[in-house]
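Notes follow the structure.
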């Protein structure tokens, strides 16, 4: 059988291991990206490694999350990021230049290369034929230092696309259909490779929407071929030299196959409060809408905004509904201002936001109490919008525009003839807001504001691990539940003592106090624990509070890796029924934990409160076991660097 595209790129970048599903492999990383909510810790970690310059082909630091400067914290951190990037060889995308994934797709993505980003939506660039993987900031710091990225080789799922999208049906509807079928944990341990005759009709922005939101499946990444659509996009960006044709062999084999007939897809919507709660728009049509938000790294491209502007032209947003529009990059913003589309938005009554993540991470535009908000975003977890009881629906730009005009969720096919227009032959190419690193790094002073605190370091694993169950939670706990975002919390991202006070705040406001009272302990959870954002603060801040491990039915990939990176045991119930036999504040003990971690298999846990024992699986590789024993990846890396050759 022939090779799939994924295996071709992995073979080119493999440092060690075997391309066999489930086996640990290491791959070379060509590019990295960070954003400001995760980047401050990433660069503090890189700095702690003592490496004078990044060793990747390209590393870019973006500012797109913490844009509201309501105090000194964000402005100070932007200066820190700018100066440390200049010193260590990292390009710096200034505030206002755009959302990291949109800008990286436009200006830096290269087919066939690998990209590691400290943001879960890094797979966006898979729409252009990159193997783009989201990870914790510490993994990205190691990659910037020239180290390989370790992962268990995922299964490769071939998604065969047939036919062509019908008018008013969008790329967003493809990924919503995938979520409807497979659910949020259906992509764990998998890479989705899109192929088939239906691919050719999808533009790069449409493909990027699909790969971006593949993160909501729990997938390692998603990827499309690099073909004529890719060539046209890169040429229009003035980067024709970066084009490389990439495709699976005609007889490529896949571990699993999904079939989608694009001809039959309808407009879809993800209902509250999970991206996989998907229905046809026709099933929820007529629901009163208070707010519509168009943007985010999922749907803020030039194509997306031109589709909405063409739909709104000559019309007015419904009086009972507000509309906010976010251009994904300065390039998009400039182009819609030059061609008149920005005027159409303003005339329709839209509120224009700066090119940033904004409402997607709860940074402004919170809906009214109990309000319904239709958003072209990627996540609708409860409370993520900034309003605890808001009802957030995820939809395509087409559906969002139709809903804004009618004030109720509306099937866009009822608007009549769909607007048609061609993608530009040339995009605006102005990289003046991307700063190149200094050629004289020794002269650069790294500026550190008072909100930047020293990096907390865990201790090596003790002989016996014990503590109280600090919290017991259910299924699909996201990193938003563990470490909330929003305008109140995110400015503290470089101050772990301060941000740790908000751990699990939306689930249990007393969690931080309880952790301090008991000197740390354990968290018990259900399935798909840690889904969502890659934010390593969801492991780092609990570690600072004394968390020693997490026992659940199953983990999301990135969060499990982050727990290991900070020396916290990621344990899975050998018998899921044992979940029911544990209560909050039970006292647990793991004797001889070091030997158990070294074995990397089953661990016996004693519940002293209930006088019983149960088994948990650790399922770590020897390398991961050594990281846990050392107290985290930073300790492990330092020890390895100090060891004699």
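For residue 225, state whether it is within 22 Å of residue 177 (Cβ to Cβ), assigned by TED's automatic domain parsing to the domain that holds residue 12 and either in contact with a strand residue (DSSP E or B) (Cβ under 7 Å, 6 or more places away or on another chain) or surrounded by fewer than 19 Cβ atoms within 10 Å (Cβ to Cβ) (or both).
Numbers: within 22 Å of residue 177 (Cβ to Cβ): yes; assigned by TED's automatic domain parsing to the domain that holds residue 12: yes; either in contact with a strand residue (DSSP E or B) (Cβ under 7 Å, 6 or more places away or on another chain) or surrounded by fewer than 19 Cβ atoms within 10 Å (Cβ to Cβ) (or both): yes.
Yes: the conditions hold for residue 225.
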When residues of segment 161-190 are filtered for being in contact with a strand residue (DSSP E or B) (Cβ under 9 Å, 6 or more places away or on another chain) and under 26 Å from residue 25 (Cβ atoms), how many remain?
8
Out of (1) out of contact with any helix residue (DSSP H, G or I) (no Cβ under 8 Å at 6 or more places or on another chain); (2) more than 25 Å from residue 560 (Cβ to Cβ); (3) assigned to a helix (DSSP H, G or I), the one residue 439 does not meet is (3)
Name the residues in segment 316-363 that are touching a residue at least 12 places away in the same chain (Cβ under 8 Å), at positive phi and surrounded by fewer than 20 Cβ atoms within 10 Å (Cβ to Cβ), would you?
349
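Residue 639: under 27 Å from residue 41 (Cα atoms) and surrounded by fewer than 16 Cβ atoms within 10 Å (Cβ to Cβ), yes or no? So that I can check it myself, show each step before the final result.
On the way: under 27 Å from residue 41 (Cα atoms): yes; surrounded by fewer than 16 Cβ atoms within 10 Å (Cβ to Cβ): yes.
Spelling it out, residue 639 is indeed under 27 Å from residue 41 (Cα atoms) and surrounded by fewer than 16 Cβ atoms within 10 Å (Cβ to Cβ).
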Which one of the conditions (1) surrounded by fewer than 24 Cβ atoms within 10 Å (Cβ to Cβ); (2) over 17 Å from residue 58 (Cβ atoms); (3) touching a helix residue (DSSP H, G or I) at 6+ places or on another chain (Cβ under 9 Å) does residue 77 fail to meet, given that it meets all the rest?
(1)
Out of (1) assigned by TED's automatic domain parsing to the domain that holds residue 580; (2) surrounded by fewer than 19 Cβ atoms within 10 Å (Cβ to Cβ); (3) under 30 Å from residue 77 (Cα atoms), the odd one out for residue 475 is which?
(3)
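One line per residue, one yes/no per condition, for (1) under 18 Å from residue 540 (Cα atoms); (2) assigned to a loop (DSSP other than H, G, I, E, B); (3) not assigned by TED's automatic domain parsing to the domain that holds residue 580:
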| site | (1), (2), (3) |
| --- | --- |
| 455 | yes, yes, yes |
| 485 | yes, yes, no |
| 494 | yes, yes, no |
| 497 | yes, no, no |
| 522 | yes, no, no |
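Filter the helices (runs of 4 or more DSSP H) completely within segment 283-397 down to those with at least 1 residues that are farther than 25 Å from residue 493 by Cβ and within 21 Å of the chain's Cα centre (by Cα).
On the way: elements: 302-312, 330-338, 341-348.
In segment 283-397, 302-312 are the helices (runs of 4 or more DSSP H) which contain 1 or more residues that are farther than 25 Å from residue 493 by Cβ and within 21 Å of the chain's Cα centre (by Cα).
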What about residue 637, is it in the same structural domain as residue 519 (by TED's automatic domain parsing), under 29 Å from residue 457 (Cβ atoms), touching a strand residue (DSSP E or B) at 6+ places or on another chain (Cβ under 6 Å) and modelled with pLDDT under 95?
no
Flag if residue 432 is in contact with a helix residue (DSSP H, G or I) (Cβ under 8 Å, 6 or more places away or on another chain) and either part of a loop (DSSP other than H, G, I, E, B) or in contact (Cβ under 8 Å) with a residue 24 or more places away in the chain (or both):
no
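How do the strands (runs of 3 or more DSSP E) wholly within segment 542-645 filter down when requiring 3 or more residues that are under 30 Å from residue 145 (Cβ atoms): which remain?
The strands (runs of 3 or more DSSP E) meeting that bar are 547-552, 569-573.
The values are calculated or read from the model by the stated rules, or taken from the named source; none is laboratory data. Keep in mind it's a predicted model, so treat the numbers as computed, not measured. For neighbour counting, all protein chains shown are included, and Cβ atoms are generated from backbone atoms with ideal geometry for every residue, glycine included.
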